[in-house]
Each structure stands twice: as C-alpha cells, then as structure tokens.
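Read the structure below first, then the notes.
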Amino acid sequence: MQALILAGGKGTRLRPLTVYTPKPIVPFLNRPFLLYQIEILRRAGIENITLSLSYQPDKIEDILGDGSDYGVNLRFITEPSPMGTGGAYKFAASDIRETTIVFNGDILTDLDISKVVEFHKSKKAAATIVLVPVENPSAYGLVETDPEGKVLRFREKPKPEELDELTTNTINAGVYILEPEVLDLIPKGENYSFEYNVFPDLLSNQKVFYAYIMQENYWRDIGNPASYLQGHHDFLSGKIKGFEIGKSAKAEISHTAFVDKTSLIAEDCIIKPNARIFNSVIGRGVLVEEKAIIENSVVWSHTRISSNAEISGAVIGRSCYIGKNAVVSKGAVLGDKTSLTDYTKI
Ligand code: GDD
Ligand code: MG
C-alpha cells in the first residue's frame, strides 16, 4: 500500500501567505505543514509516499528531501500543468497499480488511518472516502450515505438552495482509499476531478463505494487564513493530540518579558524586556522589541516587531518589519517582507 498526497493547488485562498511558500509547506507550529500528514501515514505503517506537485514544486522538494529524516520514502511527481485532483492521481499512480491512500494536502487531522484501511478491506470496497460532520457543509463536498455507509450521492460545493434538499452534514474529509480499478475510470492526460467526475462515475458504474465517518478525531482544512490560524489555536489548547511540537527551543527571552505557557517560540528568537506574548506561535529568528504585545497570532521567521507594537489575532509572514507602536488587529494577514511604518494601524 502506498500514499499519494495531492499538493499541487495554488493555495489561492491562503494568499498572501502562499505567494512565496506553497500551501503544503506553510509553517504550522513552525514545521512544514505536510509533516503532520506524513506522520500519521507513517504511524499507519505507510512508508512510500508520493507528493503530487504543480505549484512551486522545487521549494517543496528542497524542504522535505527524500523523507529519510521522517522515517518515510518520498517521491515527487510534478504535472506539466495542473491536472485536477483525479488527473493528478492518474498521472502519479497509473504505473504503480496498488491500493493507494490519497490525501488532500491541506487537511490537518489526527485520524487513525489504519482503522480506515481495516474498514476498507472489510467492505471489499473499490473506494472508501472518509467523511466528517461539519456545521456549514456548503464549502465542501457533501456526501450522503445509507445506514451501512454505502455512498449514495456526492455533491461538491452545493449551492444554498440545494442544501435544503440534502439531508446530511457529512462532508468529504479529503482522505480516500482507492483500488487500482478506480484508475480505469480516469482518462489519461486529461484534467479530471475526483469531486466532480470520479466520485459520480463510481456511483454511476455501481462500484463498491463506502464512507468511513470520523467520530472523535480532529479535522480541519487549513486552506484559508482564518482556518490556518484557528488550527494553531486548536493545537495550542490541546485539541489535537499525539504530535511532538518541541517546546524547548533555544531563544533569548529577557527575564522581564512574559511568554505564557501556551505560546511556542522557535530557536534564535530574541524577546526583549517587558515584551508580552500570549497564545501565539513565533517562528525562528524573530525579534520582539521592548513592550511589544503579541496575542493569538502566528508570526513567521525572521520578522521584527518593534517596541510597543501590538499584534492581535493576526498572521504575519516571513521577514516583515512592524514599526514602533504599530497596531495589527484581528484578521490581518501580512505577506512576506511587509513593512509597516511606525504608528500604522491596520
Ligand atoms: N497535484 C494536484 N493537481 N493537486 C491539486 C490540484 C491539481 O490540479 N488541484 C487541487 N490540488 C490539491 C490541492 O493542493 C489540495 O491539497 C487538494 O488538492 C484539494 O484542493 P482544494 O483546492 O484545497 O479543495 P477544497 O478545499 O476546495 O475542496 C476539497 O477538499 C474538501 C475538504 O477540505 C474537496 O475534496 C472537497 O470535496 C472536500 O470536502
Ligand atoms: Mg482545501
């Protein structure tokens, strides 16, 4: 069994963070995001993982290397142009033809994949899709099942008027187990989508198509800034368990500065006297000057926060400069190298 991570999207909704950093490797708790997916695959004994890339592939390959640092073998496949989710699977897996676990590359979850594999085998399914209940299903792929878990209907991003006639709130969690026969439904060399094409095709061809419904595990798509930030808060407050987040980095923190217990400070940071940091993640080599306040925020590496600046509920990219007494308020998302003049309020 092998895994394929779909990591070729442009990350448009996460802009400006994804202008210089493709979504699969945006720092999450100061580590490239895909490491969390690689970790849960490795835990389930899946060591051969292919990354299906299209946008800024070299950056992803450079950061993750051959996977040996993480106990897996990584293979990278780059599409000449984006082929859609199903097309990317055909492009990457057609020469392998073995059971494949497919992952959307922006899903944060602590799902136990071995349980899904067990379920898939017990149903002798051609395809198994993991579902998760959510409050507002309109931004996702809505999936209706019968009481035994057989998939009855798949509707990608239903319109508000369609939602009324749908009777469920379980959505596609972006994790599938597929047998090679699914490859035969996908035309070669064409742009093809799991959501709009392959899943409806499975149903019309009466393939054995089952859904595994997640019950207790954590799940989130981190593909927009608010969700990316919320994922950090969920981690810091202990809602996601079982991942090492290494709290013992070597940073220089003044004895009159205050950093609360939930915050995470990476190595080579300098936190100056009377600065205060609450419920935030601070990347490597960040300088926080006197009396600056950072709360409920994520700050990427090598950014400088000048004295008396106040940052609240924001995501600040790499190598930014936040001037003295500047105020960055809730919901702000600053791309790499943003510079804010002293006293700016946003
Ligand atoms: N290689 C490759 N090629 N990857 C792609 C392509 C492509 O052409 N298009 C998208 N991807 C990757 C993205 O990088 C991402 O990891 C994943 O496929 C899903 O794309 P998104 O753009 O994030 O889709 P979404 O979030 O709107 O919807 C999908 O995920 C939802 C769960 O978060 C759908 O699968 C929904 O049905 C699902 O509910
Ligand atoms: Mg997504």
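The values are calculated or read from the model by the stated rules, or taken from the named source; none is laboratory data. Every value quoted in this text rests on a predicted model; they were computed, and no experiment measured them. Counting neighbours? That spans all protein chains shown, and the Cβs are built from the backbone with ideal geometry, glycine included. With ligands, DNA and RNA removed, areas are computed over all heavy atoms of the protein, side chains included. Shrake-Rupley method; radii C 1.70, N 1.55, O 1.52, S 1.80 Å.
Go through region 205-217 residue by residue and tally those that are within 16 Å of ligand 1 (Cβ to nearest atom) and open to solvent by 30 Å² or more (accessible area, probe 1.4 Å). Of the residues in that region, 3 qualify. Of all residues in region 207-235, those that are farther than 16 Å from Gly149 by Cβ and over 16 Å from the mean Cα position of the chain (by Cα) total 1.
Condition check ((1) more than 15 Å from Leu334 (Cα to Cα); (2) without any contact (Cβ under 8 Å) to a residue 40 or more places away in the chain) across all residues:
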| residue | (1), (2) |
| --- | --- |
| Phe235 | yes, no |
| Ile245 | yes, no |
| Ala266 | yes, no |
| Ile271 | yes, yes |
| Ile277 | yes, yes |
| His302 | no, yes |
| Ile311 | no, yes |
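The set of residues from region 231-248 being within 16 Å of ligand 1 (Cβ to nearest atom) and surrounded by fewer than 16 Cβ atoms within 10 Å (Cβ to Cβ) comprises just one member, Asp234. Taking region 1-112 and the strands (runs of 3 or more DSSP E) fully enclosed by it, the elements with 1 or more residues that are in contact (Cβ under 8 Å) with a residue 40 or more places away in the chain and away from ligand 1 (no atom under 11 Å from the Cβ) are at 2-7, 48-53, 100-104.
Take region 180-204 and flag every residue that is open to solvent by 60 Å² or more (accessible area, probe 1.4 Å), in a loop (DSSP other than H, G, I, E, B) and either in contact with a strand residue (DSSP E or B) (Cβ under 9 Å, 6 or more places away or on another chain) or at pLDDT 95 or above (or both). Walk me through it before giving the result.
First, the residues of region 180-204 that are open to solvent by 60 Å² or more (accessible area, probe 1.4 Å): 181, 184, 188-191, 196, 204.
In the following step, the residues that additionally are in a loop (DSSP other than H, G, I, E, B) were identified as 188-191.
Answer for region 180-204, where residues must be open to solvent by 60 Å² or more (accessible area, probe 1.4 Å), in a loop (DSSP other than H, G, I, E, B) and either in contact with a strand residue (DSSP E or B) (Cβ under 9 Å, 6 or more places away or on another chain) or at pLDDT 95 or above (or both): there is none.
Given the criteria modelled with pLDDT under 95, among the acidic types (Asp, Glu) and assigned by TED's automatic domain parsing to the domain that holds Ile311, does Glu267 qualify? It is true that Glu267 is modelled with pLDDT under 95, among the acidic types (Asp, Glu) and assigned by TED's automatic domain parsing to the domain that holds Ile311. On inspection, Ala257 does not qualify as in contact with a strand residue (DSSP E or B) (Cβ under 6 Å, 6 or more places away or on another chain), at pLDDT below 95 and of a type in the set (Gly, Ala, Ser). Restricting attention to region 249-280 and to residues that are open to solvent by 60 Å² or more (accessible area, probe 1.4 Å) and part of a loop (DSSP other than H, G, I, E, B), the residue that is nearest to Leu29 (Cα to Cα) turns out to be Glu267. Taking the criterion of being small (Gly, Ala, Ser) and either in contact with a Phe, Trp or Tyr (Cβ under 8 Å, 6 or more places away or on another chain) or open to solvent by 40 Å² or more (accessible area, probe 1.4 Å) (or both), the residues of region 306-334 that qualify are Ser306, Gly317, Ser319, Gly323, Ala326, Ser329, Gly331.
Within region 13-36, is even one residue under 18 Å from Ile101 (Cα atoms) and more than 16 Å from ligand 2 (Cβ to nearest atom)? Yes, that holds for at least one residue. All conditions in (1) under 20 Å from the mean Cα position of the chain (by Cα); (2) open to solvent by 30 Å² or more (accessible area, probe 1.4 Å) hold for Ser122, with the sole exception of (1).
When Leu152 is tested against (1) at pLDDT 90 or above; (2) under 18 Å from the mean Cα position of the chain (by Cα), just one condition goes unmet, and that condition is (2).
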